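What follows is one structure encoded as structure tokens, with my remarks underneath.
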């Protein structure tokens, strides 16, 4: 599994906080700056809610670290990609999806609505519908609702009163009344809410459209009880991400700018284009105009994961303008990784590495030019499955028809649960502790891969003294590969410390720690 590492040794007060923050910002990371003279017992304690996993995409839960490296992990691409290909005449040469599959509890199937790119619509005239029992093998039932290519023998859904509607999104809302169980958005520019009782025949809601260009991402935030919509609008350096929220799918906040490219992205984008251009294993953009290089954010999926929001900003690293009559831009499009605690302030995770990079050229490989992540990962056992649109090129210049422009299909990549980031130590070992936390739970669990050893101790809130009976030497060592394993001190229970502010210190040797959490 591809990964990228960043050293994370932290020595409190050894470096002025302003300089430490500046250095890490220039390296592409974001750190919470604490005053140099702030005593540890002045830090607010964080209450750990049972069941909510603590990840390490940002520094929110971290205290001190020593000889620990942050490792960013990329999902493993499924060896039998694509999982859903354009194999119907109504599909055209390419299909894409911006939404993850929705699980239908009543029918016990996954349902997916996708965008098609055919001569009779180029995305308009109804989304395609597919379903699957296992998320790997998909079928496209004949619905008979829309005429395409001179036939109704297809899987296209319809919006009443608008047979040419460009259907961008469809999802299942398990909390909605039956008539509005399926929700979606239509429109090549602007997003108009639609609803349906069966997922096949939709009606428009009589509400104003949400301003947007031709890209968006839609999710339901269970914790916030709100729909999250990110749309594309102009911003610094070009295409940028704006946020609109709704509690009921009818009333939407005015889109506000939350994420855009910056000067450092421009520098890294130029280096990446030059790297791809010089590597014969990869598809090379047709246009290479260094004076026109530019990085923009094409879209961004935003989803709630445990106690934070994770974003997959799609970085469009443009290599130049395509000549008329085609126009537009050539280049590479693929997601990176970001996170936020409030949906407005975003941390670029790690060193701005590509989270789902394009693939090298090869027989049957489709994701060589563009990768567009769907709305969120879905959980299968101890894995997170990321469905994404894989496209072979950005554009082919001087083509007359959409059918000749590019080819695309829906692919899959898999990641260990909580596997976005791990804290790693080598054989020499190191440690990481938390900020002061209040324990609400009886068991401490970790997700870790430990060829060596992992032990835990609990300390006072200032981290100076180990609590008697909770020493690392008394802890039962954790070894092996465990998506979930309980950390134990024989004869002790965490309920003894209920209400106290403590620190959890993880001693790691040749280990990767992905997350920790409390259970009742």
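The values are calculated or read from the model by the stated rules, or taken from the named source; none is laboratory data. If you're wondering where the values come from, they're calculated on a predicted model, not measured in any experiment. With ideal geometry, Cβ positions are generated from the backbone for all residues, glycine too; neighbour counts draw on all protein chains shown.
Regarding residue 342, is this residue touching a strand residue (DSSP E or B) at 6+ places or on another chain (Cβ under 9 Å), in a loop (DSSP other than H, G, I, E, B), assigned by TED's automatic domain parsing to the domain that holds residue 87 and without any contact (Cβ under 8 Å) to a residue 40 or more places away in the chain?
Yes: the conditions hold for residue 342.
Looking across 281, 274, one residue alone is closer than 17 Å to residue 315 by Cβ and either touching a strand residue (DSSP E or B) at 6+ places or on another chain (Cβ under 8 Å) or in the same structural domain as residue 348 (by TED's automatic domain parsing) (or both). It is 274. Taking residue 330, is it in the same structural domain as residue 234 (by TED's automatic domain parsing), under 25 Å from residue 217 (Cβ atoms) and crowded, with 20+ Cβ neighbours inside 10 Å? In short, yes.
Would you check if there is a residue in region 355-376 being farther than 16 Å from residue 411 by Cα and either part of a loop (DSSP other than H, G, I, E, B) or outside the structural domain of residue 114 (by TED's automatic domain parsing) (or both)? Checking region 355-376: not a single residue is farther than 16 Å from residue 411 by Cα and either part of a loop (DSSP other than H, G, I, E, B) or outside the structural domain of residue 114 (by TED's automatic domain parsing) (or both). The residue that is surrounded by the fewest Cβ atoms within 10 Å (Cβ to Cβ), among those in region 377-387 that are in contact with a strand residue (DSSP E or B) (Cβ under 7 Å, 6 or more places away or on another chain) and in a loop (DSSP other than H, G, I, E, B), is 382. Does any residue of region 197-217 turn out to be assigned by TED's automatic domain parsing to the domain that holds residue 341, touching a residue at least 40 places away in the same chain (Cβ under 8 Å) and in a helix (DSSP H, G or I)? No: region 197-217 contains no residue that is assigned by TED's automatic domain parsing to the domain that holds residue 341, touching a residue at least 40 places away in the same chain (Cβ under 8 Å) and in a helix (DSSP H, G or I). For region 481-504, taking the residues that are in contact (Cβ under 8 Å) with a residue 60 or more places away in the chain and more than 26 Å from residue 382 (Cβ to Cβ), the one that is surrounded by the most Cβ atoms within 10 Å (Cβ to Cβ) is identified as 503. Surrounded by 15 or more Cβ atoms within 10 Å (Cβ to Cβ) and either in the same structural domain as residue 348 (by TED's automatic domain parsing) or under 22 Å from the mean Cα position of the chain (by Cα) (or both), is that true of residue 253? When the stated conditions are applied, residue 253 does not pass them. Within region 166-179, the set of residues being modelled with pLDDT of 95 or more and either assigned to a strand (DSSP E or B) or crowded, with 19+ Cβ neighbours inside 10 Å (or both) comprises 169, 170, 171, 172. Quick one: residue 460 ticks every box in (1) touching a helix residue (DSSP H, G or I) at 6+ places or on another chain (Cβ under 9 Å); (2) surrounded by fewer than 21 Cβ atoms within 10 Å (Cβ to Cβ); (3) in contact (Cβ under 8 Å) with a residue 60 or more places away in the chain bar one, so which box is it? Checking residue 460 against (1) touching a helix residue (DSSP H, G or I) at 6+ places or on another chain (Cβ under 9 Å); (2) surrounded by fewer than 21 Cβ atoms within 10 Å (Cβ to Cβ); (3) in contact (Cβ under 8 Å) with a residue 60 or more places away in the chain, the one that fails is (3).
Select from region 256-277 the residues that are under 22 Å from the mean Cα position of the chain (by Cα) and either under 19 Å from residue 355 (Cα atoms) or in a helix (DSSP H, G or I) (or both) and list them in ascending order.
Of the residues in region 256-277, the ones under 22 Å from the mean Cα position of the chain (by Cα) are 256-262, 264-266, 268-269, 272.
Of everything in region 256-277, those that are under 22 Å from the mean Cα position of the chain (by Cα) and either under 19 Å from residue 355 (Cα atoms) or in a helix (DSSP H, G or I) (or both) turn out to be 259, 260, 261, 262, 264, 265, 266, 268, 269, 272.
Just give me the residues in region 264-312 being surrounded by 23 or more Cβ atoms within 10 Å (Cβ to Cβ) and without any contact (Cβ under 8 Å) to a residue 12 or more places away in the chain, in sequence order. Once the filter is applied, which keeps residues that are surrounded by 23 or more Cβ atoms within 10 Å (Cβ to Cβ) and without any contact (Cβ under 8 Å) to a residue 12 or more places away in the chain, region 264-312 yields nothing.
For region 49-96, a residue qualifies if it is assigned to a loop (DSSP other than H, G, I, E, B) and without any contact (Cβ under 8 Å) to a residue 60 or more places away in the chain, and the qualifying residues are 59, 79, 80, 87.
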